[in-house]
Amino acid sequence: MGIEPEDAKRGMSAAWALSRSNSNMDAIRFWSTALAEAGRPLGSDDPLTPDDAATVDACERHIAETLRVSYEDTLATAKRLKTQGVTVGIISNHITSPPWFQECAASAGLYELASDPSLVVVSQEVEVAKPDARIYEIFFDRLRHREPDVQLAELVFVDDKEKNVVAAQALGWQGICYNATTAATGELARGLAALGMGAVAGTTAE
């Protein structure tokens with residue numbers, strides 16, 4: 001009996017939640033966790049069927065395709081800020097092993113977008129995820145290393161999850177809750193303008 005698609009999705013969600021702040025995870029551990037949560041642990045007496053393997057392959061392709069999606073208006077706004085001299089960084093709840101963040105970043109040009117490689121903070125690498133205050137503090141510490149005089153109130157954090165924005169605001173950052181999939185063109189730029197556009201803008205990839 002093969003893995004049902006809903007079981008596969010549940011398994012992947014569980015594996016993602018575990019992996020995004022655990023640097024010891026790799027592709028094998030990710031899929032072992034996903035399969036166990038889907039009710040088909042590796043090493044059981046009931047081995048994976050060809051249908052199971054096909055489901056896993058389909059899930060992995062779906063993840064890769066989903067993560068390659070980028071939002072042109074968001075990227076254009078961030079690029080425009082950078083050309084205006086604004087420091088741009090990224091705080092992402094994401095996985096680098098398997099290398100899905102790298103695929104997403106390469107597709108969207110995120111490494112080029114960030115003002116400095118140190119300002120790309122990925123949750124799995126630092127072992128803490130938004131909305132935990134520590135991931136914002138890690139970003140700010142890296143930023144202060146480059147710009148010693150920067151103040152918390154100058155930072156503008158943009159995220160599609162309100163709880164993540166609230167967490168940044170609690171630390172003294174400015175914040176905008178913005179969902180690129182539903183927002184009108186220009187909405188992010190208008191939101192930034194309404195804040196007076198602080199000296200630093202953070203963009204995010206989930």
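Please treat every number below as a calculation from the coordinates, not as lab data. Everything numeric in this text was worked out from a predicted model, so none of it was measured. For neighbour counting, all protein chains shown are included, and Cβ atoms are generated from backbone atoms with ideal geometry for every residue, glycine included.
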Discussion item. Run the simple label-point estimate for VAL126 and ASP26 please: 7 Å along Cα→C-beta, distance reported in nm.
Written reply: 2.5 nm
Worksheet item: For the pair TYR111 and ARG134, how long in nm is the line joining their label points, each one 7 Å along Cα→Cβ?
Response: 2.7 nm
Practice prompt. Using every Cα-Cα pair within the range 72-203, state what percent have a distance larger than 23 Å.
Written response: 26 percent
Item to complete: Take every Cα pair under 8 Å in the range 72-203 that's 6+ residues apart, average their separations, divide by the length, and report that relative contact order as a whole percent.
Response: 28 percent
Worksheet entry | Projected label distance in nm at ASP141 and ALA76, using a 7 Å step from Cα toward the beta-carbon | 3.8 nm
Worksheet item: Amide H to amide H under 5 Å from GLY175: which residues, 5+ apart in sequence or cross-chain, H placed 1.01 Å off N in plane?
Response: PHE157
